[in-house]
Amino acid sequence: MCCPGCQAVAEAIVSSGLTDYYKHRTDQARSARDLVPAALKQLELYDRPELQRSFVSVQDDNKREAALILEGITCAACVWLNERHVNSLPGVIDFRINYSTHRARVQWDNSQIQLSDILKAVTNIGYIAHPFDPGRQEEIHKRERKLAMRRLAVAGLAAMQVMMISVGLYAGDYYGIDENIKGFLRWIALFLTLPVLFYSARPFFTSAWGDLKRRQLGMDVPVSLAIGGAFMASVWATYSRSGEVYFDSVTMFTLFLLTSRYLEMGARQKAGQATEELVKLLPSMATRIKDGLQEVVTVAELAPGDQVLIKPGESVPADGTVLSGLSSVDESLLTGESLPRAKQAGSELIGGTVNIESPLTMQVDKVGQDTVISAIQRLLDRAQAEKPRIAMLADRAAAWFVGAILILATVVGSYWYLHEPAQAFWIVLSVLVVTCPCALSLATPVALTAATSALTRNGLLTTRGHALETLARTDRIVFDKTGTLTTGQLQLSKVRLMGDEARQHCCDLVAALERGSEHPVARILLEQEQIRLDTEAVQARPGYGVEGKIHGQTYRVGHFDYVAEIAGEQDEPAVEAGTAVYLGTESRWLAQFVLSDELRVGAHSAIENLQALGIEVELLSGDREQEVARIATQLGIEKYYAQQRPDDKLLHIQALQEQGIVLAMVGDGVNDAPVLAAAQVSIAMGSGTQLAHASSDMVLFSEQLSHLAEGMLMARRTMSIIKQNLAWAIGYNLIALPLASMGMVAPWMAAIGMSASSLVVVVNALRLSTAGSQNGNVRLIEQQAR
C-alpha cells in the first residue's frame with residue numbers, strides 16, 4: 001500500500017466481504033510513481049546536459065554551479081531555513097541565498113546528487129526553486145507586486161470601514177450606546193475583518209504554520225499569534241456580548257505590516273538593480289553568418305566558432321574576437337568608463353556591450369556560463385550572499401529573538417492576568433506586535449546589496465561578502481607596479497648599439513631568438529619586424545632570457561648578468577627610465593633595448609586621495625631598483641621595494657600582518673595571485689589574469705584607480721550604515737518592549753512602530769545606492785583631507 005489510508009480502505013473492503021470489487025473494477029490502481037505530481041516530474045528535465053548548458057557552470061568533472069530563483073521568500077528566516085535544509089543534503093557543496101534578489105547560488109557534486117533532487121528538496125519545505133531566467137524573474141516580480149497590491153487594497157478598504165465603526169463604538173463607550181446597536185456594529189466589524197484575515201493576512205499564517213511544522217520559530221510566528229489571537233478574542237466577545245473587540249487592531253496591524261513589506265519589496269528589488277541590469281545586457285537574438293548567408297537565431301543557439309554580424313546600435317551577443325570592421329563599443333555598464341573603446345580586427349569583444357558606429361563581424365569564443373557577464377554575475381551573487389561577521393552575529397541574535405519574545409509575552413501576560421485581568425490580553429497583543437526581529441535581520445543584507453550594486457556601476461566589482469567590512473578597516477594599501485600603477489603595455493622606446501652591428505640586424509637577431517616566446521621584447525619586435533633568420537638549439541631560462549644559435553654562432557637576449565656570461569664582464573649602462581634587455585654573442589655586446597611603461601591616467605590623483613583618507617601606500621615590484629624608485633617618486637609613494645619575487649612579496653605581506661596591520665593588495669598578474677590570496681582584502685585589475693580574479697575579493701573592471709578611494713569611502717559608509725541600522729533595531733526594541741509590557745502602547749500604535757522600524761532600516765540602507773557619484777566622493781575625500 002502506498003499509504004495508511006489506502007490500507008484502511010482495502011481492509012474495509014475485505015472485512016465487508018466485497019472482494020468481488022477487485023474482479024469487476026474497470027481500471028487498475030495507480031502506482032506511487034503515477035501519483036507523483038507532474039510539476040515534480042518536470043524538475044527532472046533540468047538534469048539534461050543540453051538544458052543545463054545555458055545556466056550551469058561546469059567547474060570540473062563532477063562539480064557544478066547554477067543560479068536559481070526562489071519563490072515564497074518572505075523574510076530572513078526563510079533564507080536561513082532554505083540554506084540550512086539544502087546544505088544538509090549529501091552532495092551539496094554550498095547553497096547561499098541573496099535575500100535582496102531572492103536568487104540562490106548552489107554548488108553540488110553531480111556524482112552524488114542531481115539538480116532536480118535539490119529543486120525537489122526546496123519544494124518539500126514549501127518553496128519553489130527553478131533555474132534563473134531574467135525574463136521569468138521579472139515576471140515573478142510583477143506577479144508579487146500585483147498580489148501584494150491586491151492584499152494591501154483589501155486590507156486598506158476593510159481597515160477604513162472597521163475604523164469608522166470603531167469610532168462609533170469608542171464614542172458609545174464614552175457617551176453611552178444601546179446594547180443592540182453595539183452588538184450590531186461589532187458583527188459588521190467582524191464580517192469586514194474576515195477578508196483581511198483569510199486573504200490579506202494569509203501569507204503570515206502560511207509562513208508561521210510552515211515554521212511550526214519544521215519546529216522553527218520564524219518572524220511570522222508572533223505576528224500570526226497576535227493577529228489570530230486578537231481576532232478569536234474579538235469573535236468571542238462579539239458572540240458573548242462581553243469584553244472588548246480588537247477588529248480595528250487586526251485590520252490596521254495587517255494593513256501597516258503589508259504596507260511595510262510592500263515598500264520593503266520595492267526597495268529590495270531596487271537595491272539589486274545593478275545585478276539585474278547585468279543580466280539584461282545580453283540580447284535575445286543575434287545575426288549569425290553561415291555559408292555566406294545571414295540568419296537570425298536566438299543567442300542560446302550560438303556556439304564557439306560561429307560568426308556573428310553586429311550592426312550599429314546592437315548589443316554583442318557573446319564573448320568573441322573581431323574578424324573584420326572598425327567601430328567603437330560602449331562598455332560603460334561593465335567597466336564604468338563613459339567613453340567608448342575603439343575596436344578593430346583582433347580586438348576582444350565582451351558580450352553585453354553595445355556597438356556604436358559601424359558593423360562588426362566577430363567570431364564567438366565563449367557562450368553561456370563561460371562569458372564575462374556570467375562570471376561577473378556569479379561573483380556578485382556570491383558577494384551578496386556571503387555574510388560578514390557583523391551580519392552573522394545579527395542573524396544569530398534574530399534566531400533567538402523570536403523565542404525570547406514569546407517567553408517574555410507569556411511572563412507579561414501572566415503578570416497582568418494576576419493583577420489586572422481586563423488589561424492582560426491587549427497588553428500581550430501589543431508585546432507580540434511591537435517587537436520587530438525583521439529590522440535586525442534586514443540591517444545588513446539590504447545595506448550590502450545597495451553598496452555592492454553602487455560599486456558595480458562604478459566598475460568596482462565586489463566578489464566576497466567580507467570585502468567591504470575589511471576594506472573599511474584597512475590601514476595600508478600595497479600596489480604592484482606593472483599592469484597596476486602602469487598600463488602594463490611595454491613599448492620599445494630606445495635601441496642603444498653596444499657593438500659594430502647595425503640596428504636592423506640586432507632587431508632581426510632578437511626577433512629570431514624570441515620566435516614563439518611570450519617575452520615582451522619578442523612581442524614588440526615581432527609586431528614590427530619580419531623574421532629573416534633561422535635559429536637552432538633555442539633554450540629559454542625562465543626569469544633570465546633566451547639562448548640560441550644563428551649561423552653556428554651563439555647569441556643570448558635577456559637580463560644583463562645572463563648575457564654577460566658569454567659576452568664578457570663590463571659595467572651595466574645607465575638607464576634613465578624603463579627596463580633594459582640586452583643582446584650579446586660570444587665575447588661581444590651587441591645592443592641594449594629599453595622598454596618603457598607609462599603610468600595609468602589618474603594614478604597620481606588616486607594615490608593622493610588614498611593618502612588623504614589616512615591610508616598608507618606601498619609599492620612592491622619585481623623590477624629593478626632604479627625604475628621602481630622613479631615610479632614611486634612620480635606618485636609620491638615613500639615606501640617602495642624593488643626586485644621582489646612572488647615569495648618575497650608574500651613574506652613582506654605576512655610581516656606586515658604580524659604587526660597587526662590590516663592591508664589591501666592591488667595586483668594583476670599570475671605572480672600576484674599568492675599575495676592577493678594572503679592579503680586581508682585583495683583587488684585585481686580588470687585586465688588581469690583569471691587566476692588573479694579568482695584569488696581576489698574585488699575586481700576593478702573600470703581600470704580607473706580613482707575608484708579605489710571611492711570604494712574605501714563606500715566601505716566605510718556601508719559599515720557606518722549597518723551599525724546605524726543595528727543600533728536602531730536594538731534600540732527600538734529596548735524602548736518599545738518595556739513600554740508595551742507596562743501597558744503604555746496600544747495595539748494599533750505597536751503595529752505602526754513595528755512597520756516603521758523595518759522601513760527605517762531599508763530606507764537608511766538605500767542611501768548607499770545614490771552614494772556612487774564620483775563628484776560627491778571626491779568632495780568627501782577633500783573634506784576628510786581638511
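On inspection, Ser358 qualifies as in contact with a Gly (Cβ under 7 Å, 6 or more places away or on another chain), open to solvent by 30 Å² or more (accessible area, probe 1.4 Å) and either at pLDDT below 85 or assigned to a loop (DSSP other than H, G, I, E, B) (or both).
Results for (1) under 30 Å from Tyr46 (Cα atoms); (2) among the basic types (Lys, Arg); (3) out of contact with any helix residue (DSSP H, G or I) (no Cβ under 6 Å at 6 or more places or on another chain), shown as yes or no for each residue.
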position	(1), (2), (3)
Ile125	yes, no, no
Lys142	yes, yes, yes
Tyr170	no, no, yes
Arg186	no, yes, no
Phe198	no, no, yes
Ala208	no, no, no
Lys213	yes, yes, yes
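Considering region 553-565 alone, what residues qualify as being farther than 11 Å from Thr585 by Cβ and either open to solvent by less than 70 Å² (accessible area, probe 1.4 Å) or basic (Lys, Arg) (or both)?
Gly558, Phe560, Tyr562, Ala564
The residue that is modelled with the highest pLDDT, among those in region 500-536 that are of a type in the set (Gly, Ala, Ser) and open to solvent by 30 Å² or more (accessible area, probe 1.4 Å), is Ala502.
The residues in region 368-383 that are at pLDDT below 65 and open to solvent by 20 Å² or more (accessible area, probe 1.4 Å) can be counted, and the count is 2. Does Gly636 fit the bill of being among the small types (Gly, Ala, Ser), open to solvent by 10 Å² or more (accessible area, probe 1.4 Å) and modelled with pLDDT of 85 or more? So Gly636 fits the description; yes. Against the criterion of being on the phi < 0 side of the Ramachandran plot, more than 52 Å from the chain's Cα centre (by Cα) and among the small types (Gly, Ala, Ser), Ala564 qualifies. The selection criterion, being within 30 Å of Asn82 (Cβ to Cβ), charged (D, E, K, R) and either assigned to a helix (DSSP H, G or I) or more than 47 Å from the chain's Cα centre (by Cα) (or both), holds for Arg150.
Please specify each residue of region 44-68 satisfying the condition of being in a helix (DSSP H, G or I) and either at pLDDT below 50 or touching a strand residue (DSSP E or B) at 6+ places or on another chain (Cβ under 8 Å) (or both). Reasoning before the result, please.
Looking only at region 44-68, we keep the residues that are in a helix (DSSP H, G or I), and these are 44-47, 49-52.
Tyr46, Gln52 - these are the residues of region 44-68 that are in a helix (DSSP H, G or I) and either at pLDDT below 50 or touching a strand residue (DSSP E or B) at 6+ places or on another chain (Cβ under 8 Å) (or both).
Can you find a residue in region 499-513 that is more than 43 Å from the chain's Cα centre (by Cα), in contact (Cβ under 8 Å) with a residue 12 or more places away in the chain and in a strand (DSSP E or B)?
Within region 499-513, the subset more than 43 Å from the chain's Cα centre (by Cα) is 499-513.
When the remaining residues are screened for being in contact (Cβ under 8 Å) with a residue 12 or more places away in the chain, the result is 499, 501, 503, 506-513.
After this cut, where a residue has to be in a strand (DSSP E or B) as well, the list is none.
No; the residues of region 499-513 include none that is more than 43 Å from the chain's Cα centre (by Cα), in contact (Cβ under 8 Å) with a residue 12 or more places away in the chain and in a strand (DSSP E or B).
Residues in region 78-117 that are assigned to a helix (DSSP H, G or I), in contact (Cβ under 8 Å) with a residue 40 or more places away in the chain and open to solvent by 20 Å² or more (accessible area, probe 1.4 Å): Trp80, His85.
Please work out which residue is farthest from Thr251 (Cα to Cα), limiting yourself to region 725-757 and to residues that are in contact with a Leu (Cβ under 6 Å, 6 or more places away or on another chain) and part of a helix (DSSP H, G or I). Of everything passing the filter in region 725-757, Ala729 is farthest from Thr251 (Cα to Cα).
Residues are listed down the side, and each one gets a yes or a no for (1) modelled with pLDDT of 70 or more; (2) buried (at least 24 other Cβ atoms within 10 Å of the Cβ); (3) touching a Cys at 6+ places or on another chain (Cβ under 7 Å):
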site: Ser242; (1), (2), (3): yes, no, no
site: Tyr246; (1), (2), (3): yes, yes, no
site: Ser249; (1), (2), (3): yes, yes, no
site: Thr254; (1), (2), (3): yes, yes, no
site: Leu258; (1), (2), (3): yes, yes, no
site: Gln273; (1), (2), (3): no, no, no
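Mind listing whichever residues of region 222-239 are touching a residue at least 40 places away in the same chain (Cβ under 8 Å) and open to solvent by less than 10 Å² (accessible area, probe 1.4 Å)? Steps first, please.
Within region 222-239, the subset touching a residue at least 40 places away in the same chain (Cβ under 8 Å) is 222-223, 225-226, 229-230, 233-235, 237-238.
Answer for region 222-239, where residues must be touching a residue at least 40 places away in the same chain (Cβ under 8 Å) and open to solvent by less than 10 Å² (accessible area, probe 1.4 Å): Pro222, Val223, Ala226, Ala230, Ser234, Ala237, Thr238.
Those strands (runs of 3 or more DSSP E) of region 546-636 in which 3 or more residues are within 27 Å of Gly686 (Cβ to Cβ) occupy 616-620.
Condition check ((1) modelled with pLDDT of 85 or more; (2) under 39 Å from the mean Cα position of the chain (by Cα); (3) in a helix (DSSP H, G or I); (4) not aliphatic (A, V, I, L, M)) across all residues:
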site: Ile165; (1), (2), (3), (4): yes, no, yes, no
site: Ala171; (1), (2), (3), (4): no, no, yes, no
site: Ile177; (1), (2), (3), (4): no, no, no, no
site: Leu190; (1), (2), (3), (4): yes, no, yes, no
site: Phe198; (1), (2), (3), (4): yes, yes, yes, yes
site: Ser207; (1), (2), (3), (4): no, yes, yes, yes
site: Leu217; (1), (2), (3), (4): no, yes, no, no
site: Met232; (1), (2), (3), (4): yes, no, yes, no
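Of all residues in region 471-498, those being part of a strand (DSSP E or B), more than 13 Å from Met665 (Cβ to Cβ) and open to solvent by 10 Å² or more (accessible area, probe 1.4 Å) number 7.
The values are calculated or read from the model by the stated rules, or taken from the named source; none is laboratory data. Since this is a predicted model, take the numbers as computed values, not measurements. Note: ideal-geometry Cβ built from the backbone for every residue, glycine included; neighbour counts use all protein chains shown. Side chains included, ligands, DNA and RNA excluded: accessible areas come from the protein's heavy atoms. Shrake-Rupley method; radii C 1.70, N 1.55, O 1.52, S 1.80 Å.
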